[in-house]
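The values are calculated or read from the model by the stated rules, or taken from the named source; none is laboratory data. Keep in mind it's a predicted model, so treat the numbers as computed, not measured. Reconstructed Cβ throughout: ideal geometry from the backbone, glycine too, with neighbour counts over all protein chains shown.
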Amino acid sequence: MRINGMKIIKHFKKGFIHLISLTVIVLLAACSLPEVTPPVQTTAPTEPSFILPSTESPSSTVPPIPLPVEITNKNASLLTMINRAPVNSAQQLKWVNDSLSLAVSTQSTDASGNQLFGVSILAIPNLTPVSIMSTKDARVSDISSNGKLAALVSIDMKSISLIDLAAGNSVKLTISPDFLVGNATFSPDGATLAVAIADQWAVVLYSTADGSVINNLSGFETAAPIYNAGFTQSPQWIVWHARATLQLQEIVDGNFAPTLDHQDFVTAYAMTRDGSMLASNVSTAGVDPAPAVTLWDAAGGNVLRTFGLTEPALCLDFSPNGTLLAMGVGSALQIWDVTSGALLASLDGHSGQITALSFSADGKFIATAGNDNQIFLWQASE
């Protein structure tokens with residue numbers, strides 16, 4: 001019995017030692033496992049000249065873009081740039097009537113020295129392209145207010161094509177007049193196209209539905225060459241522009257308003273939507289008289305007010321209700337009160353001169369483009 005007991009004890013010790021050894025091996029193996037760390041979170045690179053809108057998840061620390069409100073004299077000083085996008089040589093900014101998209105015409109040069117002309121429709125507020133059209137064969141003269149048509153004047157100035165931007169950039173119709181085309185502009189409702197004759201003081205009005213002639217306008221006289229003639233923001237008038245002279249002509253009966261005479265070249269002008277006022281800028285800079293924007297009574301030809309500036313304004317636009325006047329003065333967006341003549345805001349951001357600007361149709365946004373090849377979207381909030 002004692003011998004058997006000793007065997008049992010010996011067997012037990014051997015098993016216990018084996019168990020301890022196995023445990024030590026497991027522990028040592030566990031200590032030698034590589035440390036597992038979570039993968040590093042990476043953010044996809046964004047275009048350096050494009051600021052993305054606020055589309056982050058609710059957990060993001062980026063504050064959402066506030067809801068836009070109509071820009072007024074009370075909140076103009078609160079305008080902020082909420083988005084920007086790269087653009088190559090913007091020529092014109094034109095808001096679509098619903099204020100949900102912005103049309104941009106461009107003119108640039110490719111690596112071979114060829115001129116490239118294009119139209120981009122950008123979604124608001126993202127400023128992302130919805131549609132793009134480009135061509136080497138014709139320049140973009142104007143874009144309709146519904147964002148659907150672009151008027152292209154051929155390089156040889158012998159024809160105008162209406163491009164349907166909403167239908168794959170197809171040609172809706174082509175007008176081939178028996179004269180050289182200077183420029184073409186849409187009426188605010190897009191139903192009429194005013195085509196200025198390049199070598200005559202005359203404008204022909206065409207229907208954009210079928211290309212038929214609606215009316216012929218002439219009678220403007222000046223000693224200087226005609227720079228342009230066509231529609232602005234008012235459906236009542238076309239504006240003739242020759243060097244230091246502006247003159248309005250009614251499109252229905254052809255009657256002229258008094259001439260608006262300036263002391264130097266008129267470089268920018270804009271009209272209120274109701275056709276009651278016109279603002280104009282001349283190119284004087286660093287001389288006497290100092291640069292200024294003049295506010296005119298459109299029908300009467302009287303000066304209503306003068307806005308003194310530190311340098312010329314390259315672009316102008318009235319708010320939809322005509323109470324505010326936006327100016328691109330150097331690299332600053334300036335907002336002026338039309339009634340009081342007060343400067344309400346001077347906003348920096350562009351690194352170059354502002355060359356084009358436009359109020360949205362609902363008055364809640366201002367778009368600006370500069371020679372820094374950037375488009376800025378400005379918005380006020382309560």
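Can you go through L377, L344, L278 and tell me which one is over 21 Å from the mean Cα position of the chain (by Cα) and farther than 27 Å from A244 by Cα?
Numbers: L377 fails: over 21 Å from the mean Cα position of the chain (by Cα); L278 fails: farther than 27 Å from A244 by Cα.
From the options L377, L344, L278, the qualifying one is L344.
How about the stretch 338-351: which of its residues are buried (at least 17 other Cβ atoms within 10 Å of the Cβ) and within 14 Å of M277 (Cβ to Cβ)?
V338
Restricting the search to the stretch 175-220, which residues are free of Cβ contacts under 8 Å to residues at least 24 places away in the same chain, of a type outside the set (G, A, S) and outside any loop (DSSP other than H, G, I, E, B)?
I197, V213, I214, N216, listed by residue number.
Taking the condition out of contact with any strand residue (DSSP E or B) (no Cβ under 7 Å at 6 or more places or on another chain) and either modelled with pLDDT of 95 or more or more than 21 Å from L79 (Cα to Cα) (or both), does T284 pass?
Working: out of contact with any strand residue (DSSP E or B) (no Cβ under 7 Å at 6 or more places or on another chain): yes; either modelled with pLDDT of 95 or more or more than 21 Å from L79 (Cα to Cα) (or both): yes.
Taking the combined requirement at face value, the residue satisfies it.
In the stretch 244-264, what count of residues is obtained for those that are at pLDDT below 90 and surrounded by fewer than 15 Cβ atoms within 10 Å (Cβ to Cβ)?
1
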